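Right, one structure below, let's go through it.
Coordinate-derived values only; no laboratory data. Note that the structure is a prediction, hence the values are computed from the model and not measured. Please note: Cβ atoms are built from the backbone with ideal geometry, for glycine as well, and neighbour counts cover all protein chains shown.
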Amino acid sequence: MSHEKNVCICRCEEVTEGEILRAIEEGARTVKGIKIRTQATMGLCQGRTCRRLIVNILSKHVDINDISKLEIGIRVPVRTIKIKNFIYDEGKGYE
Ligand code: FES
């Protein structure tokens with residue numbers, strides 16, 4: 001594999017295609033594996049921009065029958081919300 005590919009795949013973390021190919025060569029077989037080795041998908045957009053590009057690169061270099069094993073799923077950030085935010089008060093409306 002050539003590591004001279006300086007095309008930026010993850011703009012947030014400035015990870016190039018060459019770095020992703022190197023991670024694959026080192027044994028990464030999932031998006032999570034790429035993430036651990038390069039920090040791609042850990043930037044401000046949380047992989048919204050680069051995840052599909054990484055999956056595309058992975059699918060070309062990893063011999064895998066089931067593409068779902070590439071861990072393409074995105075986990076939505078979760079935060080707690082107080083129940084009172086759902087209670088409607090005449091006069092005040094929703095708090
Ligand atoms: S482009 Fe990769 S995390 Fe934003």
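Brief remarks follow.
- For L53, L44, L58, order by how many other beta-carbon atoms lie within 10 Å, fewest first: L44, L53, L58
- Exposure proxy order (Cβ contacts within 10 Å, fewest to most) of E17, E26: E26, E17
- Hits among lysines - C-alpha to C-alpha of K35 under 21 Å, sequence gap 8 or more where chains match: K5, K60, K69
- Calculated FRET value between N6 and R48, using beta carbons and R₀ = 30 Å, to 0.05: 0.85
- Between amide H atoms placed 1.01 Å from N, distances below 5 Å from I9 occur with V15, T16, E17, all of them 5 or more places distant or on a separate chain.
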